[in-house]
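The values are calculated or read from the model by the stated rules, or taken from the named source; none is laboratory data. Only a predicted model underlies this, so the values are computations on that prediction, with no experimental measurement involved. Positions of Cβ are backbone-derived with ideal geometry, glycine not excepted, and every protein chain shown enters the neighbour counts.
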Amino acid sequence: MITSTFNSYFSHIDNVDGWLDKTTAIISNGLMRHQSAIGLTGPVCEIGVHHGKYFIALACGLCPNEKGIAIDLFENQDENADRSGLGDRGMFERNVARFLYPPSITVISGNSTKLSADSISRHGAVRFFSVDGGHTEAVTLNDLGLAERSIATGGIVALDDILHRGWTGVISGYVRYRQEGGKLRAFALVPNKLLLTDEASAASYRNFMRTEFACFADRQGMEFIGDTIDLYVAPSPRPGWLSRKKMKLRRTIGQWSRPRDAVGFRWA
């Protein structure tokens, strides 16, 4: 069952090396479950899996017979110009073996700038695509184009580190992607990731998230490079927050047996 698989992984997520806010893990899994509920099927794909922290969170949402596609330089770190990640294939495969069904996972060891969309979409149009490879302008531009050509209608693309002050190449690459006619449209900003989809699907996802993830909502209707996005943040321990949001948050993460792990708080 999808939720039990994610529940098992979530309880051990801190043991997997990498960079992922737990709120983003919860939201991404919820979006995957929503896709399944509306009949959207297909593989998940990530460029830049490192040790698998986010990839596994996404792959936990796969239905039977769906694939996970992991792309990383791995041992070819001489091609990692900006040193934005240090993927270890052995560690990645051990983590996959621990939390997923390895035969459902396809690993592509190589440079995303040398891949064609056909090498990804031959497994089916991707329903959730994480772009977290090279953080230069050129690589970001390339990977967004690759995602756009591989994604299913109604699929989601998550762009990592979009506003990270240490990786300004990401927002530069995104701006170039838009300037050069990129069709994906942003609909939400979650901790450390910008979520995009096709123009026809953006409003539907925005409405779903406003209901399903109200406990993480911060601001709505924000301007972002020609699009309108909503902002979702990790819960804050500021006075009064927990009493106001507690029940909504419990409903959102009700499938976990220890809800305090999901947000890092000890419940009263």
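Listed values, structure above:
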quantity: Evaluation of residue 140 against (1) among the hydroxyl-bearing types (Ser, Thr, Tyr); (2) in a helix (DSSP H, G or I); (3) modelled with pLDDT under 95 (one fails), failing number; calculated: (3)
quantity: Whichever residue in segment 15-52 is more than 26 Å from residue 214 (Cβ to Cβ) and charged (D, E, K, R) and, among such residues, is surrounded by the most Cβ atoms within 10 Å (Cβ to Cβ); calculated: 46
quantity: Residues of segment 121-137 satisfying the condition of being more than 16 Å from residue 197 (Cα to Cα) and either assigned to a strand (DSSP E or B) or under 14 Å from the mean Cα position of the chain (by Cα) (or both); calculated: 132, 133
quantity: Residue match in segment 225-236 (condition: farther than 29 Å from residue 126 by Cα and either assigned to a helix (DSSP H, G or I) or at pLDDT below 95 (or both)); calculated: yes
quantity: Pick from segment 140-193, criterion touching a Ser or Thr at 6+ places or on another chain (Cβ under 7 Å) and free of Cβ contacts under 8 Å to residues at least 40 places away in the same chain, ranking: nearest to residue 46 (Cα to Cα); calculated: 142
quantity: Neighbours by Cβ (under 7 Å, 6+ apart or cross-chain): first from segment 11-35, at positive phi; second at pLDDT 95 or above and part of a helix (DSSP H, G or I); calculated: 18/53; 18/54
quantity: Residue list for segment 93-127, restricted to those being aliphatic (A, V, I, L, M) and either within 24 Å of residue 153 (Cα to Cα) or surrounded by fewer than 18 Cβ atoms within 10 Å (Cβ to Cβ) (or both); calculated: 97, 105, 107, 108, 115, 117, 120, 125, 126
